[in-house]
């Protein structure tokens, strides 16, 4: 088993001290509130993290270089590992084998800012992605394994304030046609200038996945339940009800459908383990509101979202999420025992003086159980707390049945916790605790943890 335990899983993250001015509501849907407040999309940064690594039972030493370049609306991010075997002197290159290979040196190429500019496109590693109002695809990542990052694309184009199209393609891997999501939308009164009415928007979403990528070295182990692919559809609409310097309030509603997956492998699985109430297409709908508030200017800012959900048998809200790429067959199999439910989805993000940012979200069915588990996400970031200290954390938990297990790290968890101290304005030392998924030689993923001390050089230019 080749398990990469780099002592620099991530470089220090920095978010600029910025005022998020109240603006007209996004042309459609929502951006991820936590990411939108922290992404430094106008900074030029250089990060070099220096450490030892143990890879496949062998010792390596070197650095991971992560420059980020931004020129107006154009952004480039690189992730360049330079590790040498301490015994043979060979350069470590396994990180670039298979899939997109050398393209993994580029973490992203971006033009524009999503939901802010008329043209946005990002190529590379995708994280915290959503489609429309997030009823089918929300908090999606195409790269659950850090060592084997995927190259995908996310885009958002709009024309004359009336028509637009957004979408995602998960992985430019030639072995199969992978997750593809598209949402054309229209704002019929967008060019009229009529208050409130000009913000009304309608969208239609389509998502399909025919991922048959080889998971095992002998060419087997594909996502068996996707032998004939899967598809999902949605319709949504929203309108900005209030837009002032204090609050931006949007109301929305949506309806979606997960089509029945026609797969011989899935049919055989259901013969061996019959669904408790049959298996057919699943449907869901919801109604909710999103509010961005400047409570005390930039001293205290708040983003909150609350949504009421109703869904039928064989449906799971936000099916395409951060856990989807880990084991698609297991995700699909869970649909068979998913019962019709009602529930609530809520998220809350608070920023204090642009120094401390805390956020989280919870998908909570009315009656939590094995057939209708909850899921949650938590985030924490600080910027130069007491001028020297950086604390960061990210935690997500799926298939949550017993709330006593909320913070129990297992196969349904993903976490990163960081404590760092700035020795100087450009040098910091710290320690990361990582609970993540590592890809095994047989193509499966296994939950694992590591403790990683590091020293990093980071500066703006």
Looking at the range 302-315 only, could you name the residues that are in contact with a helix residue (DSSP H, G or I) (Cβ under 8 Å, 6 or more places away or on another chain) and either part of a strand (DSSP E or B) or modelled with pLDDT under 90 (or both)? 303, 305
Take the residues in the range 418-432 that are surrounded by fewer than 16 Cβ atoms within 10 Å (Cβ to Cβ) and either modelled with pLDDT of 85 or more or in contact with a strand residue (DSSP E or B) (Cβ under 7 Å, 6 or more places away or on another chain) (or both), then tell me which one is nearest to residue 364 (Cα to Cα). 419
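Tell me whether the range 367-377 contains one or more residues that are outside any strand (DSSP E or B) and either touching a residue at least 40 places away in the same chain (Cβ under 8 Å) or out of contact with any strand residue (DSSP E or B) (no Cβ under 9 Å at 6 or more places or on another chain) (or both).
The answer is yes, given that some residue of the range 367-377 is outside any strand (DSSP E or B) and either touching a residue at least 40 places away in the same chain (Cβ under 8 Å) or out of contact with any strand residue (DSSP E or B) (no Cβ under 9 Å at 6 or more places or on another chain) (or both).
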Could you check, for the range 214-222, whether at least one of its residues is in contact with a helix residue (DSSP H, G or I) (Cβ under 8 Å, 6 or more places away or on another chain) and surrounded by 15 or more Cβ atoms within 10 Å (Cβ to Cβ)? no
Looking at (1) part of a helix (DSSP H, G or I); (2) in contact with a helix residue (DSSP H, G or I) (Cβ under 7 Å, 6 or more places away or on another chain); (3) more than 21 Å from residue 171 (Cα to Cα), find the lone condition where residue 240 falls short. (1)
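Determine whether residue 203 is more than 30 Å from residue 324 (Cα to Cα) and either crowded, with 21+ Cβ neighbours inside 10 Å or touching a residue at least 24 places away in the same chain (Cβ under 8 Å) (or both). If you could, list the steps in order and put the result at the bottom.
Numbers: more than 30 Å from residue 324 (Cα to Cα): no; either crowded, with 21+ Cβ neighbours inside 10 Å or touching a residue at least 24 places away in the same chain (Cβ under 8 Å) (or both): yes.
Judged against the criteria, residue 203 is not a match.
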Whether any residue in the range 397-416 is in a strand (DSSP E or B), out of contact with any helix residue (DSSP H, G or I) (no Cβ under 6 Å at 6 or more places or on another chain), surrounded by fewer than 17 Cβ atoms within 10 Å (Cβ to Cβ) and at pLDDT 85 or above is what I want to check. no
From the residues in the range 433-445 that are farther than 28 Å from residue 388 by Cα and surrounded by 13 or more Cβ atoms within 10 Å (Cβ to Cβ), which one is modelled with the highest pLDDT? 437
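Residue check: is residue 361 under 25 Å from residue 292 (Cα atoms) and crowded, with 20+ Cβ neighbours inside 10 Å? Break it down into steps so the answer makes sense when it comes.
Numbers: under 25 Å from residue 292 (Cα atoms): yes; crowded, with 20+ Cβ neighbours inside 10 Å: yes.
Here the answer is yes, as residue 361 does meet what is asked.
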Mind counting the residues in the range 324-343 that are surrounded by fewer than 16 Cβ atoms within 10 Å (Cβ to Cβ) and within 22 Å of the chain's Cα centre (by Cα)? 1
Exactly one condition in (1) modelled with pLDDT under 90; (2) at negative phi; (3) buried (at least 22 other Cβ atoms within 10 Å of the Cβ) is false for residue 139; which is it? (2)
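The values are calculated or read from the model by the stated rules, or taken from the named source; none is laboratory data. Since this is a predicted model, take the numbers as computed values, not measurements. Here the Cβ is made from the backbone with ideal geometry for all residues, glycine too, and neighbour counts use every protein chain on show.
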